[in-house]
Structure formats: C-alpha cells, structure tokens
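Chemist: Before I ask anything, let me first share the structure, which is written out below as structure tokens.
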Amino acid sequence: MIITIKIEKNYGIETAYPSCDQSRLLAKLAGTKTLTRHALETIAALGYSIQIEQSTPRTFAHLAGA
C-alpha cells in the first residue's frame, strides 16, 4: 500500500503532513497532525511505501488579474 505525504518547512524545520486518507488515519492513530521521522520509519517497516507529494512553488500569479 502507498501513502502520500507533503513535506513543508516550518521555521526551517521539515515537517511531514499527511495528504491522503490512509496517511491521515495513520497520523490519527499516532495521535498527531503530522508524521514524525520515527512514525514514518515505523509505517515503512509495516510494509507501506511512502510517496512524497510535489508541492508547487508559491507565486503571485493569482494577483495578476487584480
């Protein structure tokens, strides 16, 4: 089974956010909103494949029509 996470930087610290239903359930099981490195290692040991969602760079394109 494959789960998808999104990596974001918060104050210079990389944080893994669940971005699919399965990864959200696993975070809920862990009692957190994000997945720690230890949790991700444990999830991988259970046989899950972890896919990282590519984030698009933030731009001001939405302001072009303003």
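Since every read-out is calculated from the coordinates, none of them should be taken as a lab result. Since this is a predicted model, take the numbers as computed values, not measurements. Every residue, glycine among them, receives a Cβ derived from its backbone with ideal geometry; neighbour counts consider all protein chains shown.
Chemist: For the residue pair residue 41 and residue 24, what label-to-label distance in nm results when each label sits 7 Å from Cα along the Cα-to-beta-carbon direction?
Modeler: With each label point 7 Å from Cα toward Cβ, the separation is 2.8 nm.
Chemist: Turning to a different aspect of this structure: If I stretch the segment between residue 48 and residue 33 completely, what's the gain in nm (0.36 nm per residue apart, minus their alpha carbon distance), one decimal?
Modeler: Taking residue 48 through residue 33 to full extension adds about 3.5 nm, to one decimal.
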